[in-house]
Every structure is written in C-alpha cells, then in structure tokens.
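Input: a single structure, listed below in structure tokens.
What follows draws every value from the coordinates through simple rules; no lab data is involved. These numbers were taken from a predicted model, which means no experiment stands behind them. Please note: Cβ atoms are built from the backbone with ideal geometry, for glycine as well, and neighbour counts cover all protein chains shown.
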Amino acid sequence: MVGPSTCAAVIPCFNEGATVPALVSAVRRRLPSVIVVDDGSTDATAEAARLAGATVVKHARNLGKGAALRTGLSLAKKQGFAWAFTLDGDGQHAPEDIPAFLGCAGQTAALLIVGNRMHSAQAMPWLRRQANSWISRQLSRRAGRPLPDTQCGFRLIHLETWARLPLCREHFEVESETLMAFLAAECPVAFVPIQVIGRGPGSHIRPVADSWRWWRWWRSAAKPQPSKERNHG
C-alpha cells in the first residue's frame, strides 16, 4: 500500500532558510516523516528545517542536487520506507498535490510518478518553459513514448527499484538520468498534473554550467537498455 505511513519526503536544499520552514510544515501535515538534506548551505537552512520538524542531514560542502537526493533517498530506504516524495526546497512545489500522487500510485502500477506542469505551461518563465520543452522532446524521442515534463523535481519514487538503478549524476541532470533509468529497466512510469508555482529569484540553476552538464550526460547516455543492478544503500 502507498500512503503516509510508507512514504517519506526528501527535500534537497542549498541556502533555502527563507522557504524551507513553511515547506516542511506543509509537507508534515500530509507525511509525518520529512528528510531535509542541507547541501552545504551557508545560511540557517539546517536549523530552520530542524525547528520545523524535519530530520536534517548536512553535507559539509555543496555537492549538487543529485548527490543530495541520493543521500536523502538512501536514508529514507534505510529507515524502512518503501516510497519517497522528492520536492525542491525553494517552495515551487505544492504539498497540496501529494494526494494526487498517492491516488495515481493506488490506481496504477507505476514505480515512478512525475509531476506534470505542462497543462499550465504558460505560468512558467518563458526561458525555463522552452528549455523544459526541448529537453522533454529529446527524451521522448529517445524513449519512444511521450514524456510531458521530464525536468520536474516533484516525484514519488519506489525506493527498492531506485536503489537497483545505475545512477551517478551529481547535479540537475539527475532528473533526466533517473527518469530514463526507470524506463530502461522497463519500470512503469506515470505523470500526474500539479500546480505551477514560480521559482523565486534565488534559483540555483546555472544556465550555462547546468546545460553543459546535461549535454554531456545526453551525449554519453546510451539508448535505454535493461539496466544492471546497483545498490544505493
């Protein structure tokens, strides 16, 4: 069964002290267990998250979103959770959408459920919308199926399956890598409509560096093939 007792929330953060307390409090109204991974923040992110009721793991230095997700998901699995939600720490994901993911999981056999913002794409900043659409088209072509919103970080992940996948990316390209790895392993994937909330001015996306990392991953990633097992903890 997929429900609050079998799910933890994992929130990677870097200098999100201003947004993380309200986010943790809102998530905890729906999921009792919230794990915040403070990825080398220089502000009060860790203390703010802890005071809001989260379990906090702190990296000594900034390692990247992919590394922070791996730390949080590994801890959730170690704590005995079967599933984990991932949400960005800047408040762009609405915890009110959590029941939609749970409903989708209960109605399908999906092992990865990804938030889909494309029904309200006009609410996204123009450049981000264009980049997301372009990447989604490339990944859809490679996967041989429509993938409407490949870059959304609001996800529900089956942890045992995740732990068996060969994932190694440390930064923002982890969203693409994870999605394509689930598909390569022939695991069911679903998308669920979610609200579009604008990212604040403190976005940690670096357009040039992150685009270059994504492009290197894209060039090196083979067409989806059945994956070998790899244990993440």
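What ranking do MET118, MET124, MET180, MET1 get, fewest neighbouring Cβ atoms within 10 angstrom at the top? Intermediate values should be presented prior to the final figure.
Numbers: MET118 17, MET124 21, MET180 24, MET1 9.
Lowest count first: MET1, MET118, MET124, MET180.
Relative contact order for region 7-220: what percent, with Cα pairs under 8 Å and sequence separation of 6 or more? All intermediate terms of the calculation are to be shown ahead of the outcome.
Values: 397 pairs, mean separation 49.5, N = 214.
The normalised contact order for region 7-220 reaches 23 percent.
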For this session: Would you pull out the residues with amide H under 5 Å of PHE191's amide H, same chain only if 5 or more places away, H placed 1.01 Å from N?
Result: VAL114
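For region 7-220, report the % of Cα-Cα distances exceeding 20 Å. Spell out each step's value before the answer.
Details: 12542 of 22791 pairs.
Value for region 7-220 (Cα pairs over 20 Å): 55 percent.
Let me check against my output: what whole-number percent is the relative contact order of region 30-127, with C-alpha pairs under 8 Å and at least 6 apart?
Working: 68 pairs, mean separation 20.5, N = 98.
Contact order relative to length: 21 percent.
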Problem set entry | Order of PHE154, PHE81 under a 10 Å beta carbon neighbour criterion, fewest first | PHE81, PHE154
For this session: Step through the residues of region 145-161 one at a time and calculate ³J(HN,Hα) from phi using the Karplus curve (6.51 cos²θ - 1.76 cosθ + 1.60, θ = phi - 60°), rounding each to whole Hz and writing x for Gly and Pro.
Result: 7, x, 10, x, 8, 7, 9, 5, x, 8, 9, 10, 10, 7, 6, 5, 5
For this session: Neighbouring Cβ atoms within 10 Å as the yardstick, rank ARG145, ARG61, ARG128 fewest first.
Result: ARG61, ARG145, ARG128
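Order of 37-43, 135-141, 167-173 by packing, highest average Cβ count within 10 Å first?
On the way: 37-43: 21.4, 135-141: 16.3, 167-173: 19.1.
The most tightly packed comes first, giving 37-43, 167-173, 135-141.
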Problem set entry | Positive-end residue of ALA48, LEU75, VAL24, charge dipole of region 1-143 with Cβ unit charges | LEU75
